[in-house]
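These notes concern the structure reproduced below.
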Amino acid sequence: MKGIPAELHHETLNKVIQKMPAPDNLIFTGMFPSQQYESDRIRWILEYGTAGMTPFVAPGAPAPTLGDDGMYAEGAASAAYWKEKTFLDEQILNNLREPLTPEQRRTAQRQVARQQRRLRTRCARRREWMLAKAFFDHGITYQTEKGTNFTVSYGVPSHHSQSLTGNDVWWDSTTGAPGSTATPVQDIWDVKKDFADDVGVPITDTFMNSTALSYLMFNSDLQTLLQKSSFGEGDLFSNPGPVLNRLLGFGNLTVYDDLFEVGAWLTSDASATNTVTVDDVTDFEAGETCRLYDLSTPFNYEELTISSVSIANSQITFTDNFTGSYKSNKDRVVMRKKFITDAKIGFMARSIDGEQIAEFMEAPFGLQRTYGMYADSKEEWDPDGIWMRIQNKGLPVVYHPDALYTLTIK
């Protein structure tokens, strides 16, 4: 090999990645701005209840001190760091060099571009995951220095995470039907009132996936409202956002069905049991669907439900035994989950008193203090090839935790 081809120089890689369009299906990434922070230890102020007013005083009297210090708190956490790489072998790299035919060169360039796009999209999806966790779970867990798991809690008031129980749920997974006393319209009005009383501003955005939307659309109370309104059922099914906002007044409705995958390699052999040991269990969650892949056969997998995750033992336990045999460092376990689950609806006000409620803080990394998504490459001697890598570092921050609200409906 004669060094790194021009297409894989750091400057070229980053120009290409910056010109690639961001995935248009990731809604949270573009919702709030990014800000560069001077270190990887990020600090921010949490503010609760900002509807105060400056008091009257007599002329010539000293100004009173701002009296709502108890409504402020400080958040602090180390920035999360994520990266990934892929290997380009000598065959692809040789096809990038002359005097090969233009067709061979274009084929190799397309292969490299495809790998770049995959790395970029996966990197962007991790940022989207962090924002979704902040908005819907009100906290995130990630690995920090030396592999320690760290959890950030954003201080959302506990009563802003409401859960329906018993017969009040919008959908009962056991019976396959709505709860007998489910009242989705009333539940939404209760959320709106609670939100207005606490925050003093209306809800501007509501988020749910299409499954949760179906629970609402087919509810008898909503159908009754439709009959009394200027909308018919046809309008609801063809354009649910404006119809539901007109009826229920919960701001811009976003129906979001995109999902993410998290994977890990088995670190010990496993056969016909219900537990596997893997290299990283950080993002796996009990109750979610998981696939065990036998990578010796393309797309051959078993699908199981996770019953528990042990961070201490790096083990995932399933509700049932799997039937196949899986090899250490050769086979893989993958969890697939929607950014917004069927069970939750999220509400927010995007700004309070003219200030946006959240930002994404980008932290510096590397010897050159790089900010944001960054790509680089490194030549490998044996086997011949080049590693292409992408990195990012940062953390969502929430300045107004009381502007977030979730309702668990099943």
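The values are calculated or read from the model by the stated rules, or taken from the named source; none is laboratory data. Bear in mind that the values here come from a model prediction, so they are computed numbers and not experimental data. FYI the Cβ positions are ideal-geometry reconstructions off the backbone, even for glycines, and counts take in every protein chain you see.
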Strands (runs of 3 or more DSSP E) within the stretch 74-186 that include 1 or more residues of a type outside the set (D, E) and more than 26 Å from I17 (Cα to Cα)
139-143, 149-153, 161-163
Sort out which residues of the stretch 275-289 are at pLDDT below 95 and either closer than 12 Å to L304 by Cα or in contact with a Leu (Cβ under 6 Å, 6 or more places away or on another chain) (or both), and write them in order of number.
A286, G287, E288, T289
Would you please name the residue that is farthest from A358 (Cα to Cα), looking only at residues in the stretch 124-152 that are small (G, A, S) and under 14 Å from the mean Cα position of the chain (by Cα)?
A124
Complete set of residues in the stretch 1-33 that are surrounded by 16 or more Cβ atoms within 10 Å (Cβ to Cβ) and at pLDDT 75 or above
N14, L26, I27, F28, T29, M31, F32
Give me the residue from the stretch 327-368 that is in a loop (DSSP other than H, G, I, E, B) and among the aliphatic types (A, V, I, L, M) and, out of that set, farthest from E47 (Cα to Cα).
L367
Count of residues meeting criterion [assigned to a loop (DSSP other than H, G, I, E, B) and of a type in the set (G, A, S)] in the stretch 256-275:
2
The stretch 269-289 - residue that is over 18 Å from the mean Cα position of the chain (by Cα) and under 18 Å from T323 (Cβ atoms) and, of those, surrounded by the fewest Cβ atoms within 10 Å (Cβ to Cβ)
A272
Say whether the condition of being farther than 27 Å from D89 by Cβ, assigned to a strand (DSSP E or B) and either assigned by TED's automatic domain parsing to the domain that holds R41 or of a type in the set (K, R) (or both) is met by at least one residue in the stretch 378-393.
yes
Quick check on my filter: what residues within the stretch 192-207 are in a strand (DSSP E or B) and either in the same structural domain as L26 (by TED's automatic domain parsing) or surrounded by fewer than 19 Cβ atoms within 10 Å (Cβ to Cβ) (or both)?
D205
Only one of (1) outside the structural domain of D194 (by TED's automatic domain parsing); (2) at positive phi is not met by T151, so which one is it?
(2)
Considering the stretch 318-338 alone, what residues qualify as being surrounded by fewer than 17 Cβ atoms within 10 Å (Cβ to Cβ) and of a type in the set (A, V, I, L, M, F, W, C)?
V334
